[in-house]
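In what follows, a structure is listed as structure tokens, so that the remarks can point back to it.
The values are calculated or read from the model by the stated rules, or taken from the named source; none is laboratory data. Because the structure is a prediction, the values reported are computed rather than measured. Note that we place each Cβ from the backbone using ideal geometry, even for glycine, and neighbour counts take in every protein chain shown.
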Amino acid sequence: MILFKEFVLRLSKIKKLPSSLINIFLLINWKKQNVFHIFKDNILNEEFFTDSDKEKLTDLYISVKKLMSRLNTIARIYKYKKAVKYDINTDLHLNSLDDLSENEKITLLENNTLYNFKLRDLISCWKLALLNSQGLFSKPILVKNPYTNLPFKKHNLFNIYFKCLNMYVNLPLCVTTFFKCNMTISKFQIYYYVTLKEVAIINFLNSNNVYEMFEQILNLLHDNRKIVNYLTFTNYCPPSTRLKAVKIFKPLLLNYLLSKFSCNPIIKEQKLNLLKKQLIDLIDKHPTFGFERGYEVMKYIPLAERPSRSQPPPPPAPLITQIRNRRTTLRRRRPSRQSFNFSESDSDESSGLDIVENVTSPSQEMTTINITPPPPPINIVIPPPPPAVIPVSRPTIVPPPPPISNPFQPSRQLPRTPVRNNRLITTRQNISQLNNNLQLRVNRRNNINGLNFLRR
């Protein structure tokens, strides 16, 4: 864009266009990064420019674009002359490229090196890259140079696409969709997600990964356990059994994965109905799928679907039954000394809680009362009370009073002077006391019986 604006200023001076028009044009396009957007938005669809100004700007734009195209052509020729030619002149199947026409091959400049390719080989690599998947998840990637394993640049992808249009070949749908998404992977995943999901399922079945496919077979049998009568494979089945199971259930596995992971509800419903029919036919022909029961397959019912062995509690009785039971219990608790004749209104078959009494004569009442004799007395022998236990009095010992101690006196104290020998101190004290008490009255004689005394 800097080069484009510089050419606009120089050519406007040569064509002697008004500077005010050029300044307004550049000011409007100050932040634009695409030359084609400038021509469309700020020349053709601009409302503030008159028709004469639009003609002048259109003429200026065409002149600038021609000059830039010529410079790009010169730079491209220079790059091609200085680039290194790759010494392989065959396609990916090692067939010579000289036998092909010019419409069937292409030369691409990548990293200052010229590579010759067959277009059909590039289309195949491009399709595999866009339909790449990991397991049941799609993960498209950019097509890479088969000689360097580096992704092609975007301009070379456009060159390949336009070269394929000249070859008059029906391009794959994924390549056409990728071109409509401006060669961007993120947009391609959004607009082509439904088809990419189904392609990932097909790639998963074609990968021949026995371990993961057997796991999906276990999921298939679990989700349709009532149709197959709760049959499943054991945990200790040998690898040969798993290989055989993958071969038997592979057609059913495609319908199962599409019915479960497809984003199209119509396909999900159709594949689910087809899967149920296939399972019913398989279980009718082979009740154990052609495997040994107990060793390779077994019947497993989940805990939530197993019948409960304990009987449920009975339902609660109605209200009238509870009232009748309560009356029966109260009658049993009454003393049976007199028996009364109850009328029909007191029977259990009466409908209400109202009690109706019948008035009878005293004579009739006396005749209907049965007096029962009193029961014989019962002699109960009461045992004598046990002798009273006299408690033994024990002398009470009064504890001595606690010693009076100074609470501020420390319990442990180190002596300030070193510990001395008490016997040595006592001996010295006695000697000094004897010296003090000894008083010698010495006469003028200095020698008594051969003893010499010194005066102090």
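Every residue, every condition in (1) farther than 16 Å from Ala129 by Cα; (2) buried (at least 18 other Cβ atoms within 10 Å of the Cβ); (3) touching a residue at least 40 places away in the same chain (Cβ under 8 Å), yes or no:
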{"site": "Lys187", "(1), (2), (3)": "no, no, no"}
{"site": "Tyr211", "(1), (2), (3)": "yes, no, no"}
{"site": "Leu221", "(1), (2), (3)": "yes, yes, no"}
{"site": "Thr232", "(1), (2), (3)": "yes, no, yes"}
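All of Asn219, Asn208, Asn255 fail the test of being out of contact with any Asp or Glu (no Cβ under 8 Å at 6 or more places or on another chain) and modelled with pLDDT under 90, apart from Asn208.
Among the residues of the range 58-71, not a single one is under 55 Å from the mean Cα position of the chain (by Cα) and under 14 Å from Leu108 (Cα atoms). In summary, Gly290 fulfils each of the numbered conditions (1) in contact (Cβ under 8 Å) with a residue 40 or more places away in the chain; (2) on the phi < 0 side of the Ramachandran plot; (3) not polar (S, T, N, Q) with the single exception of condition (2).
Among the residues of the range 263-292, none is identified as small (Gly, Ala, Ser) and modelled with pLDDT of 90 or more.
Across the range 131-149, not a single residue is classified as out of contact with any strand residue (DSSP E or B) (no Cβ under 6 Å at 6 or more places or on another chain) and part of a helix (DSSP H, G or I). Tell me, yes or no, whether the range 277-290 has at least one residue that is under 30 Å from Ser138 (Cα atoms) and out of contact with any Pro (no Cβ under 8 Å at 6 or more places or on another chain). Yes - at least one qualifying residue is present in the range 277-290. Annotation: of all residues in the range 49-70 being in contact with a helix residue (DSSP H, G or I) (Cβ under 8 Å, 6 or more places away or on another chain) and surrounded by fewer than 17 Cβ atoms within 10 Å (Cβ to Cβ), the one that is nearest to Leu11 (Cα to Cα) is Ser63. Of all residues in the range 281-307, those satisfying the criterion of being surrounded by 13 or more Cβ atoms within 10 Å (Cβ to Cβ) and assigned to a helix (DSSP H, G or I) are Leu282, Ile283.
Of all residues assigned to the range 114-124, none qualifies as being part of a loop (DSSP other than H, G, I, E, B), surrounded by 13 or more Cβ atoms within 10 Å (Cβ to Cβ) and modelled with pLDDT of 90 or more. Can you give me the ranges of the helices (runs of 4 or more DSSP H) entirely in the range 150-243 with at least 3 residues that are within 32 Å of the chain's Cα centre (by Cα) and not β-branched (Val, Ile, Thr)? The qualifying helices (runs of 4 or more DSSP H) are 185-191, 193-206, 210-223. Here is a check on your reading of the model: is Leu71 assigned to a loop (DSSP other than H, G, I, E, B), at pLDDT 75 or above, of a type in the set (A, V, I, L, M, F, W, C) and not assigned by TED's automatic domain parsing to the domain that holds Phe158? So Leu71 does not fit the description; no. In the range 244-276, of all residues being part of a helix (DSSP H, G or I) and of a type in the set (Ser, Thr, Tyr), the one that is farthest from Tyr193 (Cα to Cα) corresponds to Tyr256. Of the listed requirements (1) assigned to a helix (DSSP H, G or I); (2) without any contact (Cβ under 8 Å) to a residue 40 or more places away in the chain, Leu60 misses just one: (2).
Count, please, the residues in the range 308-356 that happen to be part of a helix (DSSP H, G or I) and at pLDDT 70 or above. Looking only at that region, the number is 15.
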